[in-house]
Structures are given as structure tokens and as C-alpha cells.
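**Student:** I am attaching a structure below and will ask some questions about it afterwards.
The values are calculated or read from the model by the stated rules, or taken from the named source; none is laboratory data. Keep in mind that this is a model prediction, so the values were computed, not measured. Here the Cβ positions follow ideal geometry from the backbone for every residue, glycine too, while neighbour counts run over all protein chains shown. Accessible surface is based on the protein model in full, side chains and every heavy atom, while ligands, DNA and RNA are left aside. Shrake-Rupley method; radii C 1.70, N 1.55, O 1.52, S 1.80 Å.
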Amino acid sequence: MDSTRPRMIAVAVTVCLFAVGMAAFLNYFKYRSTADRIVKARLVVIGKSIENSIQASLALGLSFADLGMLQGLMERETATHDLVGGIDVFDTEGKPLYSTDRLRAGRTVPEPWLVAARRASDADWFVEQGNESAVGISIKNNFGLTVGYLALRYSREKIDAAAHEVGRALMLTALAVFVGAAGLASIALVLVMRRLERDMSAVEAVLQHPDRIGASEVISKGIFGP
């Protein structure tokens, strides 16, 4: 019995560790999934507002490559929203037309962007590629033809850093919960084992001296009692 108690306590502690660890693990990945979905949805909303302005200008008969107000609008949206690292507008061949980053204005957009945009057709598209991560939408003219794409760049590193902070907070919380749960489980197990040891000692006394200890005395020792 003396060797059984440590083993039982070790089992209880292991079960607590597994339960708390799995709960923290699942909560962390649930947070990451939810955070990614919220970030992308927010960027799409920003992109839709810019697209509406473009559509209004195109409806007036302006050329897609000659929207004077678009550059200022994109720069204001970038300055207003922390999530947005930059905004690029490019045609169906990947040639940049407008960009909040002057250095990117003369470079062809990353190939994964163009591939994702063409594959998505009318749907929103997403590319996760380090500093080149982007959320994009298609831009159509009055005839429903795709004339270009709008891409909102964001920092994957910033989102990952925030997730790591949440992960550390979850780890500390899980550690505190584990210590408390393991302590309570160990104490409860020790109390149960003491009662069991007392009952086993009474049974052992009956078996060793059946003539000296009767059934009524065994009951009075608490074997079958509360």
C-alpha cells in the first residue's frame, strides 16, 4: 500500500497535466483561427469601401488607369488602419497602377498574388507569404468585366507576435490551473487512500486472528461503516 499511494498520485497528476494541457492547446489554436478570420474579414471590408469609390468613379466614365482621387484615398486608409501595411491596385496582367509604396509602383506584383486573384475569379482571395501577405478583391467595370485587382498588404509577423503573447498568457494560466488541480486531486486521493488503508488493516486483522475478532468488531472498526 505504501508504494501504491505515490503511483496513484502520479497517475492523478498526469491526468491533470494532460487535461489542462489539451485545453490550453485547443484554446490557443482556436484563438489563432478566429484572429486570422477576423483580420481577413476586416481587411475585406476596408477593400470593399475602396472598391465602391472606384466603381463610382468608373460609372462617371473615368478610365481605370486615370483615377486621380484613388491614390489619396488609399493613403488615408493605410494611415487610418493599423492592420494595413499598404494597398496596391494592379491590372489583370500584374502591372501596378496605384500603390501606397512608391518603391513598389514600378515592380510587377508578386506572382502568388496574380495566381490567387485569377483563381478566385469574383471571390475574395488571400495570400500568406511573410511580408507579402495580402487580402485582395476583384475590380469590375460597368459591364461586369474584371479590369484589375485591389490588394491590401498586412504583416503576418505582427499577427504572429500577438498570437505568441496570447500563447504565453494561456501557458501561465494553464500552469496555475494545473498546479491547483493537481494539488486538490492529490489531497483528495491521499484522504481516500488513508480510509482504504484503515479498512484494509482491519480486514487484515480479521484474517490473521479470526478467533479473536468477531464480525461485530470488524464493523465497529469501520470496514462496512461510513
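**Student:** If r is the Cβ-Cβ distance from Y31 to L175 and R0 is 25 Å, what FRET efficiency results, to the nearest 0.05?
**Tutor:** Efficiency, from the Cβ-Cβ distance: 0.90.
**Student:** Taking a probe of 1.4 Å, how large is the accessible area per residue of region 4-135, in Å²?
**Tutor:** Here the per-residue accessible area is 57 Å².
**Student:** Another question, then. Compute the distance from the alpha-carbon center of region 134-167 to that of region 1-55, in whole Å.
**Tutor:** 24 Å
**Student:** How large is the helix-only mean residue ellipticity at 222 nm for the chain, computed as the sum of -39500 (n - 2.57) over DSSP H runs with n ≥ 4, divided by its residue count, in deg cm²/dmol to the nearest 500?
**Tutor:** That calculation yields -22000 deg cm²/dmol at 222 nm.
**Student:** Under unit Cβ charges (Lys, Arg +1; Asp, Glu -1), what dipole magnitude, rounded to 20 debye, does the chain have relative to its Cα centre?
**Tutor:** Its charge dipole is roughly 360 debye.
**Student:** Let me ask something else. Could you calculate the FRET efficiency of T80 with D160 from 1/(1 + (r/R0)^6), where r is the beta carbon distance between them and R0 is 30 Å, rounded to 0.05? Before the final figure, lay out the partial values.
**Tutor:** Numbers: r = 23 Å, r/R0 = 0.77.
According to the calculation, E is roughly 0.85.
**Student:** Specify the angular offset, from 0 to 90 degrees and rounded to the nearest 10, of the alpha carbon long axis of helix 111-120 from the longest principal axis of the alpha carbons in the chain.
**Tutor:** With rounding to tens, the tilt is 90 degrees.
**Student:** Just name one of M22, T92, L60: the one whose Cα is farthest towards the positive end of the charge dipole of region 1-127 (beta-carbon charges, Lys/Arg +1, Asp/Glu -1).
**Tutor:** Positive-most Cα among the choices belongs to M22.
**Student:** Hey, another quick one. For an R0 of 41 angstrom, estimate the FRET efficiency from the Cβ-Cβ distance between R104 and A19 and round to the nearest 0.05. Kindly include the intermediate steps, with their values, before the conclusion.
**Tutor:** Details: r = 49 Å, r/R0 = 1.21.
Calculated transfer efficiency: 0.25.
**Student:** Let me ask another. Enter the angle in degrees (range 0 to 90, nearest 10) between the Cα long axis of helix 156-208 and the first principal axis of the Cα atoms of the chain, meaning the one along which they spread out most.
**Tutor:** With both axes taken from Cα atoms, the answer is about 10 degrees.
**Student:** HN-Hα J couplings of region 133-149 from phi, Karplus 6.51/-1.76/1.60, θ = phi - 60°, integer Hz, Gly and Pro as x?
**Tutor:** 5, 7, 10, x, 9, 8, 10, 10, 8, 5, 9, x, 8, 6, 10, x, 9
**Student:** Could you pull out which residues in region 165-193 have an amide N less than 16 Å from a spot 7 Å beyond the Cα of A10, following the Cα-Cβ vector?
**Tutor:** Under 16 Å, as judged by backbone N against the label point of A10, lie 186 of region 165-193.
**Student:** Any chance you could run the full-extension gain for L60 through L189? It's 0.36 nm times the residue separation minus the Cα-Cα distance, nm to one decimal.
**Tutor:** 38.6 nm
**Student:** For the chain, with a Gaussian network of springs between Cα atoms less than 10 Å apart, report the residue from E132, E51, E93 with the top mean-square fluctuation.
**Tutor:** E93
**Student:** Would you mind working out the magnitude of the charge dipole of region 37-118 relative to its Cα centre, with +1 at each Lys and Arg C-beta and -1 at each Asp and Glu C-beta, to the nearest 20 Debye?
**Tutor:** With only Lys, Arg, Asp and Glu charged at Cβ, the dipole is about 260 debye.
**Student:** Quick one: angle between helix 4-59 and the longest Cα principal axis of the chain, in degrees between 0 and 90, rounded to 10, please.
**Tutor:** So the helix axis and the longest Cα principal axis differ by about 10 degrees.
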